[in-house]
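Following: one structure in structure tokens, then a few remarks.
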Amino acid sequence: MFEVHLDNPEVLLRYSSALVQGATNVFWIDIQTNTKRFRSIFRYLLDDDALHHSRLNKIPLQAQRDMYLLLSRFILFYNSAGKIDSFLKQCPVFQTAFLVGSPADIFVNELTDQLQKLKVEPVLLHYLS
């Protein structure tokens, strides 16, 4: 998706949304099983896409926002806390009715929402340690 040029913005948004939704599903599988089978997908999305603004700009703004929200939820689970500073610096400001505040505010909101959803005690302890 980041490598292919699509002229139709609706198709690009649909593909981008499918990527984010699929990644969400597999990351939750890792959380529920307390494994890290899909860490390589997370690392690709974080290291190769989210931290490279030029690549992320190829997808629609809504998909960029969804990608940042997704990565915010799972960045601690996949042991990428050392990249939070770079991640927040690359995050554009998304001012919508639902997302108000700086990238750090949005990150904290997503992280606290994630913590409320966790049902696997070892994973919750991992987030909190």
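The values are calculated or read from the model by the stated rules, or taken from the named source; none is laboratory data. Owing to the predicted nature of the structure, the values given are computational and were not obtained by experimental measurement. All Cβ positions, glycine included, derive from the backbone under ideal geometry; neighbour counts span all protein chains shown.
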Filter result for the condition that a residue is charged (D, E, K, R), out of contact with any Pro (no Cβ under 8 Å at 6 or more places or on another chain) and modelled with pLDDT of 90 or more, over LYS58, LYS83: LYS83
Region 61-74, residues that are within 19 Å of VAL93 (Cα to Cα) and crowded, with 17+ Cβ neighbours inside 10 Å: ALA63, GLN64, ARG65, ASP66, MET67, TYR68, LEU69, LEU70, LEU71, SER72, ARG73
Single residue of SER40, SER72, SER16 found to be at pLDDT 85 or above, farther than 19 Å from PRO103 by Cβ and touching a helix residue (DSSP H, G or I) at 6+ places or on another chain (Cβ under 6 Å): SER16
